[in-house]
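Participant: Please read through the structure below; I'll follow up with questions.
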Amino acid sequence: MHVLAIVIPAYKPDFFRAALASLAAQTDRRFRVYVGDDAGPPEIERICASFSASGVDIVYRRFDENLGGRSLTAHWNRCIALSEEPWVWLFSDDDEMAPDCVASIHEELSRNRDANVLRFNTDVIDGRGKTLSVNAAHPEVESGVDFLFARLRGERNSYVVEYVFRREAFEREGGFPDYPVAWCSDDVAWYSFSRGGEIRTLTNGKVRWRASGLNITDANRRHQREKLDAGSRFLRFVRDDVAPRDPSGSRSPDDWCRAEERWWVDQIRYLMPLGPALWPRVLRASRVWWRSGVGRVAMLAGWNMIAALRALRGIVRRLLRSR
């Protein structure tokens, strides 16, 4: 049996062939691929069959029920249940990995037998595979608490596909927590999976995360209500489970509160344009926003006005070009 399972919850065929091609190009082929088809188009099975015929070790399973539309994390968990290897890499149907990624994982596991979570540094690519940006490198070693604090402060980009984790840790925590549209679920998971250990960054190999406009992260700001609800749950988890157990002793409750406020500001900017109907939901979501009261409403109103003006400018430009 292999040590590493690469698990792909598949639904979109648009870049699936490119994702599997990056697996086929690995210099170290000591892995098995598990594809969980979430009742997607028939093309997914055909693509799997073509790579399987060329020598990639693929286990394909089609699910008749589209579970990802109701609970994305539940679909992730059932796909992981298809595998049995001691280490799991939850990958995606549209991202890519550098050819030395699997080799880097095995090298790290031969040196370090205590880690529960490994991760790669990342680049961002577009739909054509062109590099749009190179994200800042992660610290070589980091605790789960430090990781969440950095995420709250907006100091770290993080994508689920860059992480590799021990199955024992995954099962101990009951899998990925069920947050709406999986928003913040992976952040909580890396903290939970790494309890009693560290998150270690692999120095070789990179993951190429695709900003295609089709993923939940950037798809026309969809799922705004679900993301706000997930963000509220995430912050409650940080307050109740993480901040009181901060082992560093260097961060006060006020430090965590300021980091929480920074996180909400970044999220609201990201989720723009928000309609007025969402403002009460935002204000209820965090004690910081309640405390800030009228000032926050004014900020949101200003952001909405900016968004509306930008949208109007775009409409005017399209009308002028059509003449």
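Participant: Which condition does Ser54 not pass, out of (1) more than 15 Å from Trp89 (Cβ to Cβ); (2) among the polar types (S, T, N, Q); (3) in contact with a helix residue (DSSP H, G or I) (Cβ under 6 Å, 6 or more places away or on another chain), if it passes all the others?
Facilitator: The failed condition is (3).
Participant: For segment 1-96, list the helices (runs of 4 or more DSSP H) that sit wholly inside it and hold at least 3 residues that are touching a residue at least 60 places away in the same chain (Cβ under 8 Å) and surrounded by 15 or more Cβ atoms within 10 Å (Cβ to Cβ); which are they?
Facilitator: Details: elements: 16-24, 43-53, 72-80.
Fully inside segment 1-96 and qualifying: 16-24, 72-80.
Participant: Taking the options Val134, Val117, name whichever one is under 23 Å from Gly197 (Cβ atoms) and among the β-branched types (Val, Ile, Thr). Working first, answer last.
Facilitator: Working: Val134 fails: under 23 Å from Gly197 (Cβ atoms).
That would be Val117, the only listed residue that is under 23 Å from Gly197 (Cβ atoms) and among the β-branched types (Val, Ile, Thr).
Participant: I'd like to verify a number: residues in segment 21-69 that are among the basic types (Lys, Arg) and closer than 30 Å to Pro180 by Cα, how many? Can you show your working first?
Facilitator: Quick first cut of segment 21-69, residues among the basic types (Lys, Arg) only: 29-30, 32, 46, 61-62.
Filter once more, so that each one left must be closer than 30 Å to Pro180 by Cα: 32, 61-62.
Qualifying residue count for the region: 3.
Readers should treat all values here as calculations from the given coordinates under stated rules, not as data from a laboratory. Bear in mind the structure is a predicted one, so any value in this text is a computation, not a measurement. Please note: Cβ atoms are built from the backbone with ideal geometry, for glycine as well, and neighbour counts cover all protein chains shown.
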